[in-house]
Amino acid sequence: MDCDAIEQLFVNNRQWAADKLSRDPEFFERLLNQQTPRYLWIGCSDSRVPANQIVGLEPGEIFVHRNVANLVVHTDLNALSVIHYAVAVLGVRDILVVGHYGCGGVETALRGSRSGLIDNWLRHVEDIRDLHSDQLATIDRHSARHDRLCELNVIHQVLNISQTSVLRDAWERGQVVAIHGWCYRLSDGLIHDLGVSARSHEEACRQFRKVQASDPHELGA
Ligand code: CO
């Protein structure tokens, strides 16, 4: 049974490659010779949030890093290497931090429930929950509290990225690269811009202070 499921992937793959070629005979040849994506996507591993499809981009157009709850932790060599390669080598212009409402990782952190090894990873989201506990406590509905923590998590990751040596160095040498904070809604397939885009470290700090002072219901409404 499982063999059939795996074999189906090869059937799909051959069909996909044939479709691409029939529409554009030079498609793969072109990709072979260049990787110049404009965007870096940092998103959740959730199977319902596939980067390319959501923003309608083809192979070669977006560089992608995904992990549970779309985190960029300062000591995560994996994420930092992706960001460094994307910014310093590929020269991406926009870094998109894309969280999503209905995130299992964020929900687990919000409830403080135990799931095993992943609790250590989600502790980063719990830290954000605790940092904003006053603000979250003013929100009555659990689902709205969840949505807000999804947003706050994205906003913190935007700030984290702006503080990496990679971005500080890039901005210092005058490279134009912006970081954006978005949240994707599973129920309608739409992306909400959280309005925290930053093109410099100072701007990221300014955006963050604005968020800290803002009304809890203001963002992502
Ligand atoms: Co998620």
Worksheet item: What number goes with the only condition from (1) at pLDDT 95 or above; (2) within 16 Å of the ligand (Cβ to nearest atom); (3) assigned to a loop (DSSP other than H, G, I, E, B); (4) over 14 Å from the mean Cα position of the chain (by Cα) that Arg129 does not pass?
Response: (3)
Worksheet item: Of the residues in segment 33-61, how many are in contact (Cβ under 8 Å) with a residue 12 or more places away in the chain and over 27 Å from Arg148 (Cα atoms)?
Response: 9
Discussion item. I'd like to verify a number: residues in segment 47-75 that are in a loop (DSSP other than H, G, I, E, B), farther than 15 Å from Cys183 by Cα, more than 16 Å from the ligand (Cβ to nearest atom) and of a type in the set (A, V, I, L, M, F, W, C), how many?
Written reply: 1
Worksheet item: Looking only at segment 1-44, which residues are in contact with a helix residue (DSSP H, G or I) (Cβ under 8 Å, 6 or more places away or on another chain), in a helix (DSSP H, G or I) and among the aromatic types (Phe, Trp, Tyr)?
Response: Phe27, Phe28
Response to the item:
Log entry, pairs with first residue in segment 94-109 being polar (S, T, N, Q), second being near the ligand (Cβ under 7 Å from one of its atoms), beta carbons closer than 9 Å, six or more apart or on different chains, reads Thr108/Ala69
Worksheet item: Listed residues Arg114, Arg123; which is outside any loop (DSSP other than H, G, I, E, B), surrounded by fewer than 22 Cβ atoms within 10 Å (Cβ to Cβ) and either of a type in the set (Lys, Arg) or assigned by TED's automatic domain parsing to the domain that holds Ala178 (or both)?
Response: Arg123
Practice prompt. Go through the residues of segment 24-42 one by one and say whether even a single one is within 16 Å of the ligand (Cβ to nearest atom) and in the same structural domain as His100 (by TED's automatic domain parsing).
Written response: yes
Response to the item:
Considering segment 76-123, residues that are under 19 Å from Ala198 (Cα atoms) and among the charged types (D, E, K, R), and then whichever is nearest to the ligand (Cβ to nearest atom), we arrive at Asp94
Worksheet item: Can you find a residue in segment 192-203 that is at pLDDT 95 or above, in contact with a strand residue (DSSP E or B) (Cβ under 8 Å, 6 or more places away or on another chain), loosely packed, with under 14 Cβ neighbours inside 10 Å and within 19 Å of Tyr101 (Cα to Cα)?
Response: yes
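The values are calculated or read from the model by the stated rules, or taken from the named source; none is laboratory data. Here the structure is a predicted model, which means the values were calculated and not measured. Counting neighbours? That spans all protein chains shown, and the Cβs are built from the backbone with ideal geometry, glycine included.
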